[in-house]
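Peer 1: Got a structure for you, written out below as structure tokens; questions coming shortly.
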Amino acid sequence: MKATLAQFWNDEDGITALEYGLIAGMVAVALIVAVGAFTGSLKGMFEELGTKLDNAKTGTTTPPA
């Protein structure tokens, strides 16, 4: 029994797949965070563009920020 447990403890088969899985999970989380941050700034840019287009259509201007 002791030898079986020692063999199980020293067996490294499958560890590489586990490591690749963990790395893929971390990359996925980083991508989700990056896309979330980019989405907010992109929304702000389009809202600002829409405001400028509305102001140009009505003839009003806003001072530059």
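Peer 1: Does LEU49 qualify as being modelled with pLDDT of 85 or more, of a type in the set (A, V, I, L, M, F, W, C), loosely packed, with under 10 Cβ neighbours inside 10 Å and outside any loop (DSSP other than H, G, I, E, B)?
Peer 2: Here the answer is no, as LEU49 does not meet what is asked.
Peer 1: Okay, next question. Among the candidates GLY25, GLY44, single out the residue that is at pLDDT 90 or above and surrounded by 10 or more Cβ atoms within 10 Å (Cβ to Cβ).
Peer 2: Details: GLY44 fails: at pLDDT 90 or above.
One residue alone meets the criteria, GLY25.
Peer 1: Do we have THR4 as at pLDDT below 90, part of a helix (DSSP H, G or I), among the β-branched types (Val, Ile, Thr) and surrounded by 10 or more Cβ atoms within 10 Å (Cβ to Cβ) here?
Peer 2: Values: at pLDDT below 90: yes; part of a helix (DSSP H, G or I): yes; among the β-branched types (Val, Ile, Thr): yes; surrounded by 10 or more Cβ atoms within 10 Å (Cβ to Cβ): no.
So THR4 fails the test.
The values are calculated or read from the model by the stated rules, or taken from the named source; none is laboratory data. From a predicted model like this one, the values you see are computed outputs, not experimental measurements. As a convention, Cβ positions derive from the backbone with ideal geometry for all residues, glycine included, and neighbour counts pool all protein chains shown.
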